[in-house]
Amino acid sequence: MKLTCYVTEGAPSEMIPGRQDREWMDMFSDRHPYRCLPLVVANTTGWELLSPVSFTASWTGGPRTEDIRIDADDDTTPEMLKPVVSSHFSGGVLTFHTGYLFRTEPGWDLWVGGPPNWIKDGIQPLIGIVETFWLPFPFTMNWRFTRPGMIQFKKGEPFCFIMPMSHSAVDAVEPITKPISANPELEHDYRNWSSSRGSFLEKLREKDPEAVQKGWQKDYFKGQSPEGVKATAEGHIHRRRLKPPRPAQTGE
């Protein structure tokens, strides 16, 4: 599926494949949050748009657009801020312009939000699903202050994250509940996992040398059950290798 990024401004935001690193994950002993593969894969399943400017924004808590103030930081000038960030929607909402008009192929939308698992105190990214397969105008990326106060964005910091998703396939999903005993094979695997997990954690509490050296169970990371059965033919993902944007070639 082609994701075409039409440049609408002279200098659009830099766009890169999602990175796995997070500052709060780095702060843990042995960086053990990176052992949680679902976190790492989520961080890298999409593209980041990086802020071309550094600024401080403050909100009084009031409902007007004037209640948000935006000041340039570092080598950013006020003129550089104007096409990138503004107080447009009022109510404590900070608005970014990407500099692109995105176009997906028929049947595909874009999930638009903040970088997954990117924690920013005082402000929260708003999430949208945009019908980019037909939309003839760009969308904005918006964040809302969680309380009156001051926040900062630095040049090169991601302010938006985009990920293609099916336009209508989710409408056909029908959640069904049933006891796990209805699937004896799955129940067997689940019981084995539960027993293995409980035993491993108990050994860690008791400072068992082998468990301490192992540190954590790697079954999910390896894409296998506790009994060593590999994932299905659909495959197991432990690393994303998304492509960065490139200039269009002749005829594209």
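The values are calculated or read from the model by the stated rules, or taken from the named source; none is laboratory data. None of these values were measured; they are calculated from a predicted model. As a convention, Cβ positions derive from the backbone with ideal geometry for all residues, glycine included, and neighbour counts pool all protein chains shown.
Just a few scattered comments:
- Selection status of Gly114, under 12 Å from Leu49 (Cβ atoms), under 13 Å from the mean Cα position of the chain (by Cα), of a type in the set (Gly, Ala, Ser) and modelled with pLDDT of 95 or more: yes
Quick grid of which residues meet (1) free of Cβ contacts under 8 Å to residues at least 60 places away in the same chain; (2) surrounded by 12 or more Cβ atoms within 10 Å (Cβ to Cβ):
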position: Phe139; (1), (2): yes, yes
position: Asn142; (1), (2): yes, yes
position: Phe145; (1), (2): no, yes
position: Met150; (1), (2): no, yes
position: Ser168; (1), (2): no, no
position: Glu185; (1), (2): yes, no
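- Residue within region 109-116 that is loosely packed, with under 14 Cβ neighbours inside 10 Å and of a type in the set (Asp, Glu) present: no
- For region 167-181, a residue qualifies if it is in a helix (DSSP H, G or I), closer than 20 Å to Thr104 by Cβ and not hydrophobic (A, V, I, L, M, F, W, C), and exactly one does: Asp171.
- Restricting attention to region 174-230, the residues that are modelled with pLDDT under 75 and either in contact with a Gly (Cβ under 8 Å, 6 or more places away or on another chain) or basic (Lys, Arg) (or both) total 2.
- Among the residues examined, Ala42 qualifies as of a type in the set (Gly, Ala, Ser), surrounded by 12 or more Cβ atoms within 10 Å (Cβ to Cβ) and either in a loop (DSSP other than H, G, I, E, B) or under 18 Å from the mean Cα position of the chain (by Cα) (or both).
- Among the residues examined, Phe133 does not qualify as surrounded by 14 or more Cβ atoms within 10 Å (Cβ to Cβ), of a type in the set (Phe, Trp, Tyr), in contact with a helix residue (DSSP H, G or I) (Cβ under 8 Å, 6 or more places away or on another chain) and modelled with pLDDT of 95 or more.
- Figure legend. Inter-residue proximity from region 78-99: first residues farther than 18 Å from Pro52 by Cβ, second residues at pLDDT 95 or above and in a loop (DSSP other than H, G, I, E, B), beta-carbon distance below 7 Å, spacing 6+ or different chains. Indicated pairs: Ser90/Pro63; Ser90/Arg64; Gly91/Pro63.
- Verdict on Glu79 being part of a strand (DSSP E or B) and either farther than 30 Å from Ile237 by Cα or within 18 Å of the chain's Cα centre (by Cα) (or both): no
- Apart from one condition, His238 fits all of (1) without any contact (Cβ under 8 Å) to a residue 60 or more places away in the chain; (2) not assigned by TED's automatic domain parsing to the domain that holds Leu50; the exception is (1).
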